Each structure stands twice: as C-alpha cells, then as structure tokens.
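All of the numbers you see were taken from the coordinates with simple rules; none came from a lab. Quantities reported herein were computed from a predicted structural model and do not represent experimental measurements. For neighbour counting, all protein chains shown are included, and Cβ atoms are generated from backbone atoms with ideal geometry for every residue, glycine included.
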Amino acid sequence: MQLPGFARSRTFLAALLAAVLLVGVSAWLALPPQASAPVTVQPESHTDAKPAARPPAVPGPPWRYGRSDARFTVVEYADLECPFCRTYFPVLKRWIDKHPEAVLQWHHLPLAMHEPAASAEARLVECVGVAGGHAAFWQAVEWVYAHTRGDGQGLPEGLRYPDLAPAVQQCLASERPGALIHAQAEEAAKSGVTATPALLLRDRETGKTVLLHGPVEGDALLSALDLLAAGGQAAAEPSRSPDMPAASVGVMPR
C-alpha cells in the first residue's frame, strides 16, 4: 500500500525532470553551429631534402700528377717540342711516384723557336684534358712526346691523336685553349722563366718558392725541398745548364 503523498511527490519529480530536459534541448538547438577547429598546416620540412645536383666541374687546369694533399708542388714549365723536356718528363714523373710529398703541375711554355708546332700540340693536350680529365691530359703529353719530331718540326704529316672525341674537337675549335696557353706563357715570362724545362717548387705550408732551371736531378730536388721546409726562399742557381745535352740528366729518381 502506497501512501498518497509519496505518489504525488514522485509524479511531481518526474514532471520537473522532463521540464529540465526540454529546456536543455531547446537551448542546445538555439545555439549557432560551432566552427570547426582551425587546422594548422605545417610547412613541408626541407631538412631531409637532397640538395640540387651541381654540374660537374671542368677538370683542370692546373693539371696535376700525384697526391692532391702533397705539401710541395713542382711546377714544370715545359714545351712539347723541347727535346730536353721530352727526355726529362718521364724521369720527373718517376721521381714524383717515389716522393708522395710532392705533386707535379704542368705549365705551358711554348718557345718562339718551336712555333707554331709547340702551341698546336699544347692546344691538343689541353683539350684532351678538358674532355677526359687529368689522366687523359698526362696520357696526351706522353703521346705527343713519343711521336713528335721535336725542335719545332711537330708531329709527322697526317698523324692524328687517336680517338678525338667530339668534346676535344669542340675545344680545339674554340679560343679557350689558345687564351690559356698565352696567359701561362706570359706568366712564365713575368716570373723570369725563358727556357725549358724549368721548375718552380712551392711549399703549401709556408708559401715559399724556389726556382730551378734545367732538368734537375733528384738530389737537387730533395735539397730544394729541404730548403723550402726550413723556410728559405731563393732563385736557385741552375743545377744543369738549360742548353746541356738531354743525356746528362743523370740518374733519377733518388
């Protein structure tokens, strides 16, 4: 048996709850729609992006033979028609092979008495190097020295360098190699170099230099490097006369 008062109270509570729900729903429906939360777009990170590929650098000059980290640079002023240069070139290369502290660098110096063959051959080896790199340049120098008649007579009539690639031919048709050779010849004259072969030794650590004339023997080269390492700088007396017979170069390397 339920008490009448309790029943009335429960009925009243149910009605009150329904009214509260109705008011809440009405208020919610009356609210304006909420804007969506803004989306923050992060800029694309480029930290992992690979840098754009750089065009390959044109190899040389200067043309070098030996270790790139060598302390001493042996700059050879050479003429491709010079018979003394032809004899001395392989000797000097062998000396460089035995002395990793030095690197050989080529410097064109075609002599007036050997023109126009000397400049024509200098243009050839320069363009072969531009097309093929350092190894191709030194190979071209060896080829010219092996085939030229020397003393300005040039290469035998009709003889052509093997495998003249289109890049070599384009280079030969341009003004680039001639301008470079002319600039190097002028630089040599300003340095007091008028005969070939001649060597300029440079110490990368101290910046000191020693100028040697003629095909220099191994002992003289080592003495000059010792002088540079000690901080000396001088125009050394020729260890051999520039007009001496090529056969008197002596025994190298040492």
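Among Ser119, Val168, Thr87, whose Cα projects farthest towards the positive end of the dipole of region 64-249, with charges put on the beta-carbon of Lys, Arg (+1) and Asp, Glu (-1)?
Towards the positive end, the residue furthest out is Val168.
If packing is taken as the average number of other Cβ atoms within 10 Å across a peptide's residues, how do 210-216, 142-148 rank, most packed first?
Per-residue Cβ counts within 10 Å, averaged per peptide and sorted highest first, yield 210-216, 142-148.
Can you work out D for region 64-249 in µm² s⁻¹ from Stokes-Einstein, where Rh is the Kirkwood radius over C-alpha pairs, the temperature is 37 °C and the viscosity is 0.692 mPa s?
195
So how long is each side of region 57-163 along the principal axes, counting just the alpha-carbon atoms, biggest first, in Å?
41, 30, 21
How long are the semi-axes of the equivalent ellipsoid of region 110-152, taking √(5λ) for every eigenvalue λ of the Cα gyration tensor, in whole Å from largest down? Before the final figure, lay out the partial values.
Numbers: eigenvalues 77, 25, 7 Å².
Its equivalent ellipsoid spans semi-axes of 20, 11, 6 Å.
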